[in-house]
Structures are given as structure tokens and as C-alpha cells.
Amino acid sequence: MACSTHILKSSYYDSVVLMRVASQLKKQDEVAEVAMFMGTEGNHALLAQVGLTTEKSREAGPQDLIIIVIADSDECAGRTTQEAIRMLSERAPGQNAELDYRPRMLDTALKFLPDASLAALSIPGEFAVREATACLDKGLNVFLFSDNVGIEAEITLKNKAREKNLLCMGPDCGTAYINGVGLGFANVIKSGRIGCIAASGTGLQAVVCELERLREGVSHAIGVGGRDLSREVNGTMTRYALELLEQDPVTEVIVLLSKPPHADVVAALESICSAMSTPVVTCFQGARLPGSTFVQAATLDEAAAMAACLANGSDYQPRSFADPNRVFDLLERMGDTAAGKRVVGLFTGGTLAKEAQLLLVKELGSVATSLDEEIAHIVVDLGDDQYTIGRPHPMIAPETRTEKLVELAQNGNLASCGVVLVDLVLGNGSHLDPAAELIESIDTLRTKHGLYPEIIAVIVGTEMDPQDTEGQIIALERAGITVFRSNSEAARYVAMLVAPACRTHYMKERA
Amino acid sequence: MKTEQSPLQKPVRVINIGLERFAEDLRSADIPVIQMDWRPPAGGDPRLIALLDRLAEEA
């Protein structure tokens, strides 16, 4: 193996861009590893941790880019390095000329956009607090996509925002909609009368997509970050968001999504919501609270359906499947071929993974949430920190999932697998053709490893998303993949494939 | 809280600090957006950054 290290002096690149380029270059058979990092202290430690530090890489400072390539030959390593430099120097296709002027200082940016209302920050967490503080001080609402922000800093930022009647959405906020404008990973939806407050990006995406399918739209969707309903953060932004949506003339129903809140926070939320005229539908994954202050949904699609019913004044009818006849036909065709076998769920959306895991546990008993656990069934969030160290998030780069699938196959971990369950989260910000990547990985399983598990995919997307949702579904189905639009339906179907005993329960609704 | 202070009432106009793709998505939806050329302050040196912040506070 040949190893090449190249330092690009004074060249700052965003880590997501670097990881995407590295990920694409690694696809070449003769390339074993491509590492591209800015020479920050943290990145030097990371390189050392994964054994990639070289004498030359140590010379790089925080403003310098390190490119390390390990390949079959010096020639290939050199060529790949040059290709990396070329890819980084290319401007993104379709980039608007108006974007060409890029101020370095916030004050200058505000001179060009004096009526700016919001700052969207997606820079490394170690610098994000400083910049977010500056933005709040300038009277800007903050959409803080960055993660790796400490909880103390989060509390300080949110308290500052609250004092100034500003929103601090995040840290680790993946998606939001303000006045119909999507921020971050946002599906293209119509505006409407449902307001959302979400401590989960992909959970919010699933809800807004379901609302779109139910012909409802969203007034605002305020992201609050995953820790807002913890005891420490005390629901600071959720409480403010409830106040704002209660006063919003367009919002008729509110959907609140979060992991189960801390008991102290629940009490505060109940106190606020009981005094509100706008009904609040909650989805606190895996938790059902006593009392009737909230309309409580067990799943994301149920939260959307309940909100739609409240908005249009109809009764909510619980159901396991929107089209039970289709599911019955699928089960007839499948028979018991996957019965008793393992489920392997590889998700890009954390909340979707959690929801699937909770539904499967009910029918299958134990379901592991980490690839390291030795339990038969596993449902893993590949966007979790443990799988994304130095890697792009799989919603941006679904090849991460391909690599994991192939790795599992090579290690013999898919031998007794009957069903692979995956999600494809579409919308702005996400990969433009995740179906193609999934199909390629399934082909590899079939042709190189002789593995033919049933593949079940849930697509979270709308017809207006840039990926061509219908085209994605057609491509997947042509490749023999069964597609659901609802995450809970996909999980229930998987449960019925491997545990046929639960079919009676779920299929009783079939007329 | 007065209604006119609500952050939800203002038209969305964005200063994007970080991933350019987010700015491009906003631009394609006709939302006014300025992309900043953000780089780590003080060469990313935490001690220098702390010093800069202290100087700014004192000023």
C-alpha cells in the first residue's frame, strides 16, 4: 500500500464538503482510504485515533487542509489527491452569481441584507456558540444546525434568545419552517394551518410529509434541538414556541414532537397548554402521559393524522395501514419466507430508527440499537455520533449505509437476516438520488455475497421534493424493494414478515 | 409579549453561515440570502479566540 499526504495551506473547507469528496473518491477499488480534514486540534486527535497521522500531516495548522490517501500504488494515491483538489476547486453547478459576494464579517453581511431576520449556522460546534451569540446580539433569530455544542452553552444561548424575543432553534436542529420557508433538511411542502414544534429533524420531516399527503400544510415548524425538553434546558424554546404559535393567527392545531420530556418539564408544558385555545397533539416517542391536556399520538404519522382531523373537524380513526388490502396481497406473495429470521434496520434518520425499534420491540422482544450488541434483531441509526466520526451524515452521503451493509455481509452478519429495513429521507439538503445508492448496495449483496433478504424501504418525501419522489419509488420497486410512505407501516409490515403470529392483530382492519 | 415582536411575523431573510447548499436551496425558493465566507476566527486557535473575545468585551 502507498500513502500520500498533501497539505493545502490556508484553504478552509467545510467538513461536510470534505467528507463528501473523500467518500466519493473512496469508491475506487484501488483506493483503501481517503481522509480530508482541516488541521484543527480535534482533527489531529481524530487522525491519531484512527492511525492515519503522518509526519507531514502534523505540520498542518487549523487553516490548512490535510489530504491523506492510501492506495494500491503511489501513482494512484497521487492521482486521487489531485482529483480531490480538482473536486474542491470546482464550483457547485447552478450556483447563483448573486451568491458570489461572501462577506467575512457579520456586520458587513448585515449591510448587504439589513432586514435579515435569521441566521442559519452550520459550522463546527466548537465555533458555533460564539457566532450564534453574535447573531442573537444583532437581533437575528438563530437556526443552529451545528452539533457538538455543550448543554451549558445551549442554556445560555436559549436564555439570551428568550430575553430578546428571538428564536434559538437548536443546537443540532436539522429542520425548521418559518413563514413557509424551509431551513436545513426541509421537504418542499405547502403552507397551511398546522404549526409544529420539534426536537427531532427527521421526525418533523415525517410529520410534514404525512400532512402534505393528507392535504394539510404547515404554518411554522419551530425546531428546538433534541435536548430542549431535558430537565437542564427546561423546555425554554418549546415553551416560547407554544406561546408564539398560540398567538399566530394562521395556526389552528399544534403538533409537538420530542423524546419523552423530563417530568418537571411535562408539568410546565401542561400548565401552558391547558390555558391555550389551540389544541396540541404530542408524539413523545415511547411515552404516554397521564391526563388529557394533550392529544397523544403513538407514532409520527398518527400525530399528523390526528392534527389533520382536529383541523378539519373530523373524527380520528386509528389504523395500522392506510391500504390494508395492499399489505394483505404483499403478505400472500411473501408467505413465511422471512418467518423467524433476523431484522436488520439501517436508518439515516434517528427518530425514524427509534420509532421502528419501539414498534418492533412490541412484537419481536429485544431489538438492539447498536451494531455492537449481540441481539438477533437490530435497528440502528447510522446518523448517530458513533457512526459519523469523520464521516458524512448518511442523509447527505447514503454510501455510508452501503459500506455498512457490505461490511455486515462480509463479516457473515447477514447470513440469517430475513429482512433489511431502511429509510430514504428526501427533500432539500439530502442526497439527490438515494434510491440509486440503495439499489447498488442491494445488487452487491445479491451478486457478490449471494444474499437475498427482503428489502423494505420507507420514503419520507413529498411530490415537490427535488429528488422526484415518484421516480425514486418506481426505481426501488423495479429493484424488488417494497416501499412504504409511512415509517410505522413499514415497521409493522416487517414485524409481520418475521413474526407471522402478529398478522392477525394488524390485519384485522382489512374489510 | 406584543404580537409585532413575534419572530414568526417577519419575512424570512437569511444570513447563512456554513453549508452553502442551504443558501442555494433558499435562493432557489426566492428567499433573500447572504452566504458568509466564514472561517475559524484567529486561525482556529482557542487561546487567541478567548483573547479576542476578552478584548471585545473590554471595548
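The values are calculated or read from the model by the stated rules, or taken from the named source; none is laboratory data. Since this is a predicted model, take the numbers as computed values, not measurements. Reconstructed Cβ throughout: ideal geometry from the backbone, glycine too, with neighbour counts over all protein chains shown. Remember, those area values only see protein heavy atoms, side chains included, never the ligands or the DNA or RNA. Shrake-Rupley method; radii C 1.70, N 1.55, O 1.52, S 1.80 Å.
What residue, among those in segment A:167-183 that are open to solvent by 10 Å² or more (accessible area, probe 1.4 Å) and within 9 Å of chain B (Cβ to nearest Cβ), is nearest to A:L426 (Cα to Cα)?
A:G182
Can you work out which of the residues in segment B:21-48 that are facing chain A (nearest Cβ under 7 Å) and charged (D, E, K, R) is farthest from A:T40 (Cα to Cα)?
Among residues in segment B:21-48 that are facing chain A (nearest Cβ under 7 Å) and charged (D, E, K, R), the one farthest from A:T40 (Cα to Cα) is B:R27.
Any residue that is within 14 Å of chain B (Cβ to nearest Cβ), modelled with pLDDT of 85 or more and open to solvent by less than 50 Å² (accessible area, probe 1.4 Å) - is there at least one of those in segment A:29-37?
Initially, segment A:29-37 is screened for residues within 14 Å of chain B (Cβ to nearest Cβ), giving A:37.
Pick out the ones that are also modelled with pLDDT of 85 or more and you get A:37.
Of the ones still in play, those that are also open to solvent by less than 50 Å² (accessible area, probe 1.4 Å) are A:37.
Taking every residue of segment A:29-37 in turn, at least one turns out to be within 14 Å of chain B (Cβ to nearest Cβ), modelled with pLDDT of 85 or more and open to solvent by less than 50 Å² (accessible area, probe 1.4 Å).
Which of (1) of a type outside the set (S, T, N, Q); (2) farther than 14 Å from A:L405 by Cα; (3) in contact with a Cys (Cβ under 6 Å, 6 or more places away or on another chain) does A:P453 not meet, given it meets every other one?
(2)
When only residues in segment A:129-163 that are among the β-branched types (V, I, T) and not in a loop (DSSP other than H, G, I, E, B) count, which is most open to solvent (accessible area, probe 1.4 Å)?
A:T156
Filter segment A:20-58 for residues that are of a type in the set (S, T, N, Q) and within 14 Å of A:I70 (Cβ to Cβ); which is nearest to the chain's Cα centre (by Cα)? Full working, then the answer.
Step one: filter segment A:20-58 for residues of a type in the set (S, T, N, Q), giving A:23-24, A:28, A:40, A:43, A:49, A:53-54, A:57.
Imposing the further condition that a residue be within 14 Å of A:I70 (Cβ to Cβ) reduces the set to A:28, A:53-54, A:57.
On the way: A:Q28: 27, A:T53: 31, A:T54: 34, A:S57: 32 Å.
The selected residue is A:Q28.
Out of A:I474, A:I442, A:I459, report the one residue that is assigned by TED's automatic domain parsing to the domain that holds A:A353, among the hydrophobic types (A, V, I, L, M, F, W, C) and open to solvent by 10 Å² or more (accessible area, probe 1.4 Å).
Exactly one of A:I474, A:I442, A:I459 is assigned by TED's automatic domain parsing to the domain that holds A:A353, among the hydrophobic types (A, V, I, L, M, F, W, C) and open to solvent by 10 Å² or more (accessible area, probe 1.4 Å), namely A:I474.
Hey, A:M464 hits all of (1) among the aliphatic types (A, V, I, L, M); (2) without any contact (Cβ under 8 Å) to a residue 40 or more places away in the chain; (3) outside any strand (DSSP E or B) but one; which does it fall short on?
(2)
Among the residues of segment A:113-128, write down those that are out of contact with any Phe, Trp or Tyr (no Cβ under 9 Å at 6 or more places or on another chain), within 7 Å of chain B (Cβ to nearest Cβ) and either open to solvent by 40 Å² or more (accessible area, probe 1.4 Å) or under 14 Å from B:W38 (Cα atoms) (or both).
Listed by number, the list holds a single entry, A:D115.
Quick one: which strands (runs of 3 or more DSSP E) lie wholly within segment A:1-118 and hold at least 1 residues that are under 19 Å from A:P392 (Cα atoms)?
Values: elements: A:2-8, A:31-38, A:65-71.
So the answer is A:31-38, A:65-71.
Within segment B:39-59, how many residues turn out to be modelled with pLDDT of 80 or more, farther than 17 Å from A:T133 by Cα and either touching a Gly at 6+ places or on another chain (Cβ under 8 Å) or surrounded by fewer than 10 Cβ atoms within 10 Å (Cβ to Cβ) (or both)?
So the answer is 1.
What pairs come out if I take residues in segment A:337-355 that are in the same structural domain as A:D385 (by TED's automatic domain parsing) and pair them with residues that are among the basic types (K, R) and part of a helix (DSSP H, G or I) whose C-beta lies under 9 Å away, six or more apart or interchain?
From residues that are in the same structural domain as A:D385 (by TED's automatic domain parsing), the pairs are A:L346/A:R401; A:L346/A:K404; A:F347/A:K354; A:F347/A:R401; A:T348/A:R401.
Go through segment A:348-407 and give me each residue that's under 30 Å from A:L47 (Cα atoms), in a helix (DSSP H, G or I) and of a type in the set (A, V, I, L, M, F, W, C).
A:A353, A:L405, A:V406
Identify the residue in segment A:228-247 that is among the hydroxyl-bearing types (S, T, Y) and either open to solvent by less than 10 Å² (accessible area, probe 1.4 Å) or part of a helix (DSSP H, G or I) (or both) and, among all such residues, is farthest from A:V281 (Cα to Cα).
Among them, the one singled out is A:T236.
Hey, any hits in segment A:484-499 for a residue that's open to solvent by 40 Å² or more (accessible area, probe 1.4 Å), away from chain B (no Cβ under 14 Å) and hydroxyl-bearing (S, T, Y)?
No, that holds for no residue.
Results for (1) within 20 Å of the chain's Cα centre (by Cα); (2) of a type in the set (G, A, S); (3) more than 24 Å from A:R193 (Cα to Cα), shown as yes or no for each residue.
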| site | (1), (2), (3) |
| --- | --- |
| A:G226 | yes, yes, yes |
| A:E232 | no, no, yes |
| A:L244 | no, no, no |
| A:T251 | no, no, no |
| A:S258 | yes, yes, no |
| A:V266 | no, no, yes |
| A:S271 | no, yes, no |
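Look through A:S15, A:S23 and report the one residue that is of a type in the set (G, A, S), more than 14 Å from chain B (Cβ to nearest Cβ) and in contact (Cβ under 8 Å) with a residue 40 or more places away in the chain.
A:S23
Matching residues to (1) surrounded by 20 or more Cβ atoms within 10 Å (Cβ to Cβ); (2) over 13 Å from the mean Cα position of the chain (by Cα); (3) touching a residue at least 40 places away in the same chain (Cβ under 8 Å); (4) not assigned by TED's automatic domain parsing to the domain that holds A:E463:
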position: A:A368; (1), (2), (3), (4): no, yes, no, no
position: A:E374; (1), (2), (3), (4): no, yes, no, no
position: A:T400; (1), (2), (3), (4): yes, yes, yes, no
position: A:K404; (1), (2), (3), (4): no, yes, yes, no
position: A:C417; (1), (2), (3), (4): yes, yes, yes, no
position: A:L424; (1), (2), (3), (4): yes, no, yes, no
